[in-house]
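The values are calculated or read from the model by the stated rules, or taken from the named source; none is laboratory data. As the structure is a prediction and not an experimental result, all values here were calculated from the model. With ideal geometry, Cβ positions are generated from the backbone for all residues, glycine too; neighbour counts draw on all protein chains shown. Each accessible area value is taken on the protein alone, full model and side chains, heavy atoms only, with ligands, DNA and RNA left out. Shrake-Rupley method; radii C 1.70, N 1.55, O 1.52, S 1.80 Å.
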Amino acid sequence: ANNKRGKSSPWTMDEGEIKYNAESGVPFWNQHNATTKIFPDARRYDPWCLQQILRHFGPTPVTARVADLGGGTGNHAEDLFVAWQLEQPVVNVDPAEGQCAVAAKRQGVKPVVAGAYEFVRSLAADTTPAGSGDTAGTAGSTTSIPRQQFDRMLAKEMIHFITREQWPDFWPDLYRVCAPNGVVLIMGRPCETQMPFSRGMQETWRRLWPLAGMEDAIRAAGFNLHVEAAPFHVRMAKRDWLSALQSRFWSNLCPEYLSDEQMARDIAELEASLPDDVGEGETAKLLEWDDVFTIYVLTRPPER
């Protein structure tokens with residue numbers, strides 16, 4: 001499905017910066033590539049993320065067909081294209097035209113303006129009759145296979161946008177779109193976080209990651225599943241953290257969840273409750289916590 005938003009896109013380009021248009025009527029998406037601005041040690045964070053992605057995907061041939069679901073500006077798609085020296089571009093799927101416009105300028109990235117759910121469902125429905133030995137990917141079915149399948153699919157910090165009501169369609173269709181021996185890598189977040197949020201921000205975070213039961217749904221679709229936690233240690237000045245929160249850089253901070261009045265109250269709460277920085281430079285005492293990812297490695301078994 002082609003979900004182009006046209007003039008209603010929530011994202012616009014302003015002097016090279018991607019900005020959210022609150023008047024678009026489109027829900028806020030955590031799609032802006034804010035990591036480099038948010039974490040002062042992004043020089044560690046970005047390579048760490050890529051290392052996790054490459055390690056969990058495992059050896060990948062240059063002929064691999066790769067997609068990044070909810071890929072935003074395509075930074076991970078470009079990294080994978082270069083790291084694996086792929087023969088064909090990585091398909092970068094994102095519902096925001098502004099993000100895809102940036103992705104289009106990257107090396108080895110093919111942007112597709114669509115939501116992950118619509119993209120997967122569309123591919124799963126576009127089938128061709130199965131040949132000898134082919135299967136459709138759903139249990140007991142050998143009638144057809146999708147015309148386009150992927151050997152590697154990344155879904156980093158976006159799986160919470162697939163609603164529980166969509167799971168019965170999404171997971172079987174994702175299985176069909178994943179090639180035999182293919183891998184889907186999901187990087188999500190635990191429901192409880194160590195981040196120094198206010199009480200209100202903690203509550204919106206819990207509502208953002210309602211993934212209980214997801215593992216069972218993944219296995220029921222036919223995938224083999226491995227799950228592990230991956231912590232990234234963050235050390236950050238108090239003023240920088242409060243500034244990041246005020247910029248609403250994560251989905252749980254969007255106006256849909258926290259009004260301007262509530263945000264002001266929460267910032268005041270944190271200003272009073274969080275310890276002040278002590279000292280300067282490498283020995284300074286700053287805020288510290290583990291930013292924990294939950295990593296799901298979905299593998300489609302080989303055809304029998």
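By the equivalent-ellipsoid construction on the alpha carbon gyration tensor, segment 109-258 comes out with semi-axes of 36, 15, 14 Å, ordered largest to smallest. Once backbone amide H atoms are built at 1.01 Å from N, Val109 has Val90 as its partners under 5 Å, excluding neighbours fewer than 5 places away on the same chain. Protection proxy ranking of 162-174, 83-95, by the mean of other Cβ atoms within 10 Å over each peptide's residues and highest first, is 83-95, 162-174. The relative contact order of segment 53-210 comes to 20 percent, based on Cα pairs under 8 Å that sit 6 or more residues apart. For segment 160-304, the per residue solvent-accessible surface stands at 47 Å², with DNA, RNA and ligands left out and a 1.4 Å probe. The solvent-accessible area of Val234, taken with every protein chain present and a 1.4 Å probe, is close to 0 Å². Between Gln88 and Asp126, the contour length at 0.36 nm per residue exceeds the Cα-Cα span by 11.6 nm.
In the assembled protein chains, His233 presents an accessible area of approximately 80 Å² (probe radius 1.4 Å).
Would segment 217-256 count as rounded, prolate or oblate if I go by the C-alpha gyration tensor, calling it rounded below 1.5 in a/c and otherwise prolate when a/b exceeds b/c, oblate otherwise?
It is oblate, given that a/c is not under 1.5 and a/b is not larger than b/c.
Normalising the average separation of contacting C-alpha pairs (under 8 angstrom, six or more residues apart) by the number of residues puts the relative contact order of segment 148-304 at 37 percent.
Largest accessible area first, the residues Lys238, Lys285, Lys110, Lys105 order themselves as Lys105, Lys285, Lys110, Lys238 under a 1.4 Å probe with ligands, DNA and RNA left out.
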